[in-house]
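Here is the structure we will look at.
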Amino acid sequence: MPSFSNVFYEIAALLAVTSLAGALALWLRQPLIMAFIAVGVLVGAMGFDGGVASEQVNLFAELGITLLLFVVGLKLDPQEIRAVGPVAIVAGVGQISLTASLGYLIGLATGLRGAAVLYVAVALTFSSTIIVVKLLSDKREIDALHGRIALGVLIVQDITVVLVMIGLSAFGGEAYHPSLGQALLMFLIKGVAVLMIVSLSARYLLPRLLHSLARSPELLILFAITWAITLASLGEALGFSKEVGAFLAGVSLASTHYRATLGARLVGLRDFLLLFFFLDLGAHIDIGHLGSQLGPAVVFSIFVLVGKPLMIMGLVGAMGYRKHTGAHTSLALSQISEFSLILGALGVSLGHISEDVMGLITLIGLITIGLSTYLILYTSALYQRFSAWLTIFERNIPKREEALRDSAAAEPRVADVIIFGLGRYGGCILQDLRQYDLVVLGVDFDPVLVQYWRKRNFWTFYGDAEDPEFTNALPLSQAQWVVSTIPGRDISLTLLHSLKHHGFKGGVALTCHTLQDVDLLKQAGADLVLLPFRDAAEEAARKLAEPTRN
């Protein structure tokens, strides 16, 4: 990369190139992480290390990692950890153990030895929180049962990687050479001291301080960043790491009323600063060594893309969930994490692994993150194609999901109208149809919504409109209408096809948000297409125009 005399100019040029690469990645439906690392590799090959901005980029990268760990800590409210449930713990711990063990054996088979094979094996176990949350949110599946399980597994993985980094920071540095017993004693003393500081602050200081600072949102955010960086510095000074201190800073604020506000406002800053971490990471990759790592990287990537999802499916199925839930959960986790790259970078800084091994981990990350994006986007299509092959993961009695359905009613009932989607729009339709003495069955893939309406004496099932096997379990024989309030075109077409396959004779009403989809859904066989915003606008215009007529 050409060297500028002014650091501001060099940063500006770097951001301009990154923006263009990000736009290309967006067009290719790839995560921005891919573009950031690619730009880093490019500018590294052009001599970025000699540029005047290299030190600043490194500083921004460290701040980005600090905020990433801080935001992760913010999410770990003890009440929410308890709500994750056994399936997330079993699937998370089981998957980490199996992936690390098998990854270790594969590493030995590919010629890795010593610390290198351990780092690679552990790096394979984690999945990308940023990628999973972003893509599931875009698909509106973050609140679905499989989305909740995936988030639970990610929490377990995040806690594990933090513990691994704590251990490496405590025992892996070259600054200390005491015996193992002395090292363990020092680790415990320092760990207890840090935990006491954090616990006392969280109990007596932070709630009152945040309450007073909350009058100014800007000051509240400034304090949160200050607290994160201060504890990160304290963690490093005590021989742990900046990441550990930042994580504990987040945990100390996780039980306050301001955690959601802080998390939401810091996400943008976190993502911007993480850009520099991936740029710096890419800049230190030796392209000349990547060719020799391509073979092992492909082997490990196939293991992550295929083997890891199969392990998760087996574990989720063993906990009493259906293969549909297991498949959607496992494909969401079929990549390695940004934490895998951070862990590798820590190993390099501690002298445990070489730059070549770090390049291998990065190459695995590029391959798995890139391909898993398409696996997540097209999960439903992949599931339909391979559903028959996944029967081995189906439990004879999927008790966890059957409990959500069977508790809806003591006896089978006949429904006049079946509604998919019980959010704001679908919930209003569910309530209003009761006025017409119709028996209405509500279906949603968010267990919280199912329980919410059930407590209000509405007949509801847990289920997914994209699951062709679920449709057969519905009381379709007497139903006059099946209504989907879910606006996704692919979901609507899948549901319509499934209803036709099962011989449904009633009317089908589907929902969309664009006029282009209206004709498409009607041609596919929909009897009625709902446009919530347009229909509401027409009704509002009618009411507004009424006074002028009198």
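Can you tell me which residues in segment 132-159 are of a type outside the set (A, V, I, L, M, F, W, C) and free of Cβ contacts under 8 Å to residues at least 12 places away in the same chain? Within segment 132-159, 137, 138 meet the criteria. Just checking, which of 92, 152, 103, 111 is surrounded by 16 or more Cβ atoms within 10 Å (Cβ to Cβ), over 30 Å from residue 225 (Cβ atoms) and modelled with pLDDT of 80 or more? Step by step, each of 92, 152, 103, 111 is checked, and only 103 is surrounded by 16 or more Cβ atoms within 10 Å (Cβ to Cβ), over 30 Å from residue 225 (Cβ atoms) and modelled with pLDDT of 80 or more.
For the subset of segment 336-352 comprising residues that are among the hydrophobic types (A, V, I, L, M, F, W, C) and assigned to a loop (DSSP other than H, G, I, E, B), which member is modelled with the highest pLDDT? Among residues in segment 336-352 that are among the hydrophobic types (A, V, I, L, M, F, W, C) and assigned to a loop (DSSP other than H, G, I, E, B), the one modelled with the highest pLDDT is 336. Give the residues of segment 438-473 that are in contact with a Gly (Cβ under 6 Å, 6 or more places away or on another chain) and either free of Cβ contacts under 8 Å to residues at least 24 places away in the same chain or among the aliphatic types (A, V, I, L, M) (or both), sorted by residue number. Listed by number, the list holds a single entry, 443.
Scan segment 240-277 for residues that are in a helix (DSSP H, G or I), closer than 24 Å to residue 134 by Cα and not aliphatic (A, V, I, L, M) and the total you get is 13.
Each residue in segment 254-277 was checked for being of a type in the set (Gly, Ala, Ser) and either closer than 19 Å to residue 16 by Cα or within 18 Å of the chain's Cα centre (by Cα) (or both), and 4 of them qualify.
May I ask you to say which residue of 526, 545 is more than 32 Å from the chain's Cα centre (by Cα) and more than 23 Å from residue 381 (Cβ to Cβ)?
Only one candidate passes the filter, namely 545.
The values are calculated or read from the model by the stated rules, or taken from the named source; none is laboratory data. Fair warning: this is a prediction, and the values are worked out from it, not measured in the lab. Heads up, the Cβs are rebuilt from the backbone with ideal geometry, glycines too, and the neighbour counts pull from every protein chain shown.
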